[in-house]
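Engineer: My questions all concern the structure below.
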Amino acid sequence: MATETYKRIKRNRLKRKRRERLIKFIVLGVLCVFILGITINRLTDKTNKSEETTKRQEETTKKVSATVEEKDSESNVDKEEIENNIPAVIRPVKSEAYEKITSENVRCPYTILVDVNNHEVIAGKRYDKKIFPASMTKVMTLIVAVEHINDLDDTFEMTAEIIDPLYREEASLAGFAPGELVTAKDMLYGLILPSGADAAVGLAMLVSGSEEKFVDLMNEKCEELGLTNTHFMNTSGLYHDEHYTTPLEMAMIMEYAMQNELCAEILSTYQYTTNKSPQNPEGLLLTSTMFSRMYGNEVDTVTIKAGKTGYVGEAGSCLVSYAERGNDKYIAVSAKASGRWHVVFDAFELYGNYIPNPPGYTKE
């Protein structure tokens, strides 16, 4: 009797263990299916989002290209006439009153002062020699972007793939965040004021789909402007041995930029706040790297209206600036300075002591 009872208890225990084991397997299976479902949904959402982002960026790029093609196809003017409508940039020649700069008050080894109205070089040293332009490059990036973007409200999604390499190379950044939808207008200001390399690459992707294709447009613009000693390898001015210009041709690029109303406005701005976004709820306050070091009215009778700084180790500090005195217009370029403030004080020296004084002017 005891033996049968023991056997029955043992059988019940075995049945209970089998049921518990079966329940565990069922629960574990359901849990696995649940986790798998969540993973698949997340991957699907991520893929869909990536596809939507890529599609949106492709559509924007097509929209920009289509606008350019539409303008070309709708125009009844032949190519030669279109080119004749482009504001002329005449290569400046050495003035008869040219001064070779030897003063120690101008510290940069490469400098030029151009009389824009008369297309003359009125002062300089080594102004036709090759220099590395650093972020002065972004003036050409600005020109090409402005000439190819039809709608300033077009947006581009900034990515970590753009930002991370630039951060590792210690490039200056505007501060746009991965995943942030940035308007073309905000990127244009982010390009020039804080000298944002993230904005430079974003604009290139928006216009051309890649930085390499955009750089091709920059070099085509060089040919159009008659620049024979300028070549670009990137949009931001990061050092490359084949990325170069001269003070003379950098002045020509600046002159061309100032003929474009939007380019001139951006290059002349002290501060600008970008649109609000989830990543930057208050927007980004962008400040000009040049106007944070000067007011522009430091030189008697002359107002420095616009400019762009630059710096990489191989290039030293550099600055291209645009100034006016009445109806007279001037551009100064200084490069390879050992100190970041040297280019600012060199600009004051060039505008203050190498521009011919107006009739009847006496310095106090």
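The values are calculated or read from the model by the stated rules, or taken from the named source; none is laboratory data. Values in this document were obtained by computation on a predicted structure and should not be read as measured data. Here the Cβ is made from the backbone with ideal geometry for all residues, glycine too, and neighbour counts use every protein chain on show.
Engineer: What pairs come up if the first residue lies in the stretch 209-229 and is free of Cβ contacts under 8 Å to residues at least 40 places away in the same chain, the second is outside any helix (DSSP H, G or I) and buried (at least 17 other Cβ atoms within 10 Å of the Cβ), and their beta carbons are under 7 Å apart, counting only those six or more places apart or on different chains?
Structural biologist: Correct list of pairs: 211/234; 211/235; 215/232; 215/233; 215/234; 215/235; 219/232.
Engineer: Whether any residue in the stretch 119-126 is at pLDDT 95 or above, closer than 13 Å to residue 333 by Cα and touching a Gly at 6+ places or on another chain (Cβ under 9 Å) is what I want to check.
Structural biologist: no
Engineer: Might you check whether a residue that is part of a helix (DSSP H, G or I), buried (at least 21 other Cβ atoms within 10 Å of the Cβ) and assigned by TED's automatic domain parsing to the domain that holds residue 313 occurs anywhere in the stretch 219-233?
Structural biologist: Checked the stretch 219-233: no residue is part of a helix (DSSP H, G or I), buried (at least 21 other Cβ atoms within 10 Å of the Cβ) and assigned by TED's automatic domain parsing to the domain that holds residue 313.
Engineer: Say whether the condition of being in a strand (DSSP E or B) and surrounded by fewer than 19 Cβ atoms within 10 Å (Cβ to Cβ) is met by at least one residue in the stretch 256-273.
Structural biologist: Yes, there is a match, as at least one residue in the stretch 256-273 is in a strand (DSSP E or B) and surrounded by fewer than 19 Cβ atoms within 10 Å (Cβ to Cβ).
Engineer: Of the conditions (1) without any contact (Cβ under 8 Å) to a residue 60 or more places away in the chain; (2) under 17 Å from the mean Cα position of the chain (by Cα); (3) farther than 16 Å from residue 195 by Cβ, residue 262 fails just one. Which one is it?
Structural biologist: The number of the failed condition is (1).
Engineer: Can you tell me which residue within the stretch 194-210, out of those that are assigned to a helix (DSSP H, G or I), small (Gly, Ala, Ser) and within 12 Å of the chain's Cα centre (by Cα), is surrounded by the most Cβ atoms within 10 Å (Cβ to Cβ)?
Structural biologist: This residue is 199.
Engineer: Moving to a separate point now. Kindly indicate which of 122, 192, 131 is touching a strand residue (DSSP E or B) at 6+ places or on another chain (Cβ under 7 Å), of a type outside the set (Phe, Trp, Tyr) and under 16 Å from residue 288 (Cα atoms).
Structural biologist: On inspection, the qualifying residue turns out to be 192.
Engineer: Same structure again: Any idea which residue in the stretch 207-246 is nearest to residue 90 (Cα to Cα), counting only those that are of a type in the set (Asp, Glu) and touching a helix residue (DSSP H, G or I) at 6+ places or on another chain (Cβ under 9 Å)? It would help to see each step written out before you state the result.
Structural biologist: Narrowing the stretch 207-246 to residues of a type in the set (Asp, Glu): 211-212, 216, 220, 223-224, 241-242.
Then keep just the ones that are touching a helix residue (DSSP H, G or I) at 6+ places or on another chain (Cβ under 9 Å); that gives 211-212, 216, 220, 224.
Numbers: 211: 29, 212: 28, 216: 23, 220: 17, 224: 12 Å.
Only one residue tops the list, namely 224.
Engineer: Being in the same structural domain as residue 253 (by TED's automatic domain parsing) and surrounded by fewer than 23 Cβ atoms within 10 Å (Cβ to Cβ) narrows it down to one residue among 310, 296; which is it?
Structural biologist: 296 is the lone residue from the list that is in the same structural domain as residue 253 (by TED's automatic domain parsing) and surrounded by fewer than 23 Cβ atoms within 10 Å (Cβ to Cβ).
Engineer: Working only within the stretch 200-234, note down all residues that are within 25 Å of residue 322 (Cβ to Cβ) and in contact with a Leu (Cβ under 7 Å, 6 or more places away or on another chain).
Structural biologist: The first filter runs over the stretch 200-234 and keeps only residues within 25 Å of residue 322 (Cβ to Cβ), leaving 200, 203-204, 207, 214-215, 217-232, 234.
Within the stretch 200-234, 200, 203 qualify.
Engineer: Provide a single number: the residues in the stretch 161-193 that are hydroxyl-bearing (Ser, Thr, Tyr) and assigned to a helix (DSSP H, G or I).
Structural biologist: 2
Engineer: Take residue 115 and tell me if it is in the same structural domain as residue 216 (by TED's automatic domain parsing), over 19 Å from residue 328 (Cβ atoms), in contact (Cβ under 8 Å) with a residue 40 or more places away in the chain and surrounded by 15 or more Cβ atoms within 10 Å (Cβ to Cβ).
Structural biologist: The answer is no for residue 115.
Engineer: Next up: Of all residues in the stretch 274-304, how many are without any contact (Cβ under 8 Å) to a residue 40 or more places away in the chain and in a strand (DSSP E or B)?
Structural biologist: Looking only at that region, the number is 2.
Engineer: In addition: For residues in the stretch 118-157 being aliphatic (A, V, I, L, M) and within 14 Å of residue 185 (Cα to Cα), which is surrounded by the most Cβ atoms within 10 Å (Cβ to Cβ)? Steps first, answer last, please.
Structural biologist: Taking the stretch 118-157 as the starting set, the residues that turn out to be aliphatic (A, V, I, L, M) are 121-123, 131, 134, 136, 139-140, 142-146, 149, 152.
Imposing the further condition that a residue be within 14 Å of residue 185 (Cα to Cα) reduces the set to 142-146, 149, 152.
Values: 142: 26, 143: 22, 144: 23, 145: 29, 146: 19, 149: 23, 152: 13.
The extreme case among them is 145.
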